[in-house]
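Since the structure comes first, as structure tokens, the remarks are kept for the end.
The values are calculated or read from the model by the stated rules, or taken from the named source; none is laboratory data. All values derive from a computational prediction rather than experimental measurement. Methodologically, a virtual Cβ is constructed for each residue, glycine included, from the backbone with ideal geometry; neighbour enumeration extends over all protein chains shown.
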Amino acid sequence: MIRVGVIGAGSMGEHHVRNYKKLNVELVGVAEPFDDRRREIEEKYDVQCFSDYHDLLQEGLDAVNIVVPTTLHKTVALDCIEHGVDILLEKPIADTIENATDIISASKRAGIRMTIGHIERFNPMVGQLKKVIEEGKLGRIVSIHALRVGPHNPRIRDVGIINDLSIHDIDIMNYLYDQVPLSVSAVGGIVIHLKEDYASIQLRYSDERSGHVETNWLTPQKIRKLNVIATNGVAFGNYIDKSLEWHYDEHIKRYSDTEEPLARELKCFIDAIKHGTEFVVTPQQALDALRVVKAAERSYKSRREVNVT
């Protein structure tokens, strides 16, 4: 049985713990520095908790999930790599391109397998949409539009909206187009937060194709939608209820699913470790998404279009 650990027991980390308790793995322990939170997780999930993640890494783990603030990703990931465990590192891969590159290089040198937690890749709606696109019935995709808005999450203090939320849809657009955009143009601003809390991001892909991400922490209602425009049809996806509707010729098709994306993500992670298969999200793909995010942030600050490099 695969022996796993979770580093970080905040809101997202708890979801990792909750899902692992349902999977056929041995959840060895959870590392969490705050005493009250550690006791809460121990009592709620009947799992051993450690105040220092270094102690957890001494427990002979096969794999570890890193669910800590983004600014700590490099430090914790390098320590896990040194201990020789496979890694699921929550998105974004790092706070800077340089730190992301250092993490990837270290994992390659050590022969450590690593994936990044871009959770929307495991949304059943996205999987069905990718299948529909590959079947070719919609024709050539020319534009993809994402709407990801809602109230601010007070837990997020270290990054702005582009890094925290827009990266989800940027990664999905890269995945659906199977390429990275050439350039990005972003308009945004600050209303009530310390960093940008709304942004409109235009992505220019090759062959005159585009992506558009509209996102904010200001709208009272939480909305997560993705629309695809193609030469022979359109598709309308909803991340929240995991539904998809697509039109082509005179046909209208509908799909929905109830599986939790994180449950699917963790299952795929464990299965890949067991069978030695490829991870769904590669470190390079995560780095590509971060490169676009950083270009969007530069565009927002400079008020000009920026090439993705």
Enumeration of residues in the stretch 293-309 that are in a helix (DSSP H, G or I) and either free of Cβ contacts under 8 Å to residues at least 40 places away in the same chain or more than 14 Å from the chain's Cα centre (by Cα) (or both): Lys294, Ala295, Ala296, Glu297, Arg298, Ser299, Tyr300, Lys301, Ser302
What do you reckon, is Gly160 within 23 Å of the chain's Cα centre (by Cα), farther than 27 Å from Ile97 by Cα, assigned by TED's automatic domain parsing to the domain that holds Glu297 and not basic (Lys, Arg)? no
Suppose we keep only residues that are among the small types (Gly, Ala, Ser) and in contact (Cβ under 8 Å) with a residue 24 or more places away in the chain within the stretch 45-69. Which one would you say is surrounded by the most Cβ atoms within 10 Å (Cβ to Cβ)? Ala63
Determine which single condition Ile81 fails, assuming it passes every other condition in (1) in contact with a Leu (Cβ under 9 Å, 6 or more places away or on another chain); (2) assigned by TED's automatic domain parsing to the domain that holds Gly29; (3) among the β-branched types (Val, Ile, Thr). (1)
Hey, could you check the stretch 91-108 for residues that are within 16 Å of Ile162 (Cα to Cα) and not small (Gly, Ala, Ser) and say which is surrounded by the most Cβ atoms within 10 Å (Cβ to Cβ)? Ile93
List, please: which pairs have Cβ atoms under 7 Å, are six or more places apart or on different chains, and start with a residue in the stretch 127-139 that is under 15 Å from Tyr177 (Cβ atoms) and end with one that is aliphatic (A, V, I, L, M) and assigned to a loop (DSSP other than H, G, I, E, B)? Val132/Leu138
Whether any residue in the stretch 15-29 is touching a residue at least 24 places away in the same chain (Cβ under 8 Å), in a loop (DSSP other than H, G, I, E, B) and farther than 15 Å from Lys267 by Cβ is what I want to check. no
Given the criteria among the aromatic types (Phe, Trp, Tyr), farther than 16 Å from Arg121 by Cα, crowded, with 20+ Cβ neighbours inside 10 Å and assigned by TED's automatic domain parsing to the domain that holds Pro124, does Tyr300 qualify? yes
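State yes or no: is Val280 within 30 Å of Val25 (Cβ to Cβ) and modelled with pLDDT of 95 or more?
When the stated conditions are applied, Val280 passes them.
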Taking the stretch 1-13 and keeping only residues that are farther than 15 Å from Pro69 by Cβ and surrounded by fewer than 24 Cβ atoms within 10 Å (Cβ to Cβ), one is left with Met1, Ile2, Arg3
Could you count how many residues in the stretch 103-126 are touching a residue at least 40 places away in the same chain (Cβ under 8 Å), within 20 Å of His73 (Cα to Cα) and outside any helix (DSSP H, G or I)? 6
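Please tell me if Leu72 is without any contact (Cβ under 8 Å) to a residue 12 or more places away in the chain, out of contact with any helix residue (DSSP H, G or I) (no Cβ under 9 Å at 6 or more places or on another chain) and assigned to a helix (DSSP H, G or I).
yes
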Could you check the stretch 274-284 and list, in sequence order, the residues that are surrounded by fewer than 20 Cβ atoms within 10 Å (Cβ to Cβ) and in a helix (DSSP H, G or I)? Lys274, His275, Gln284
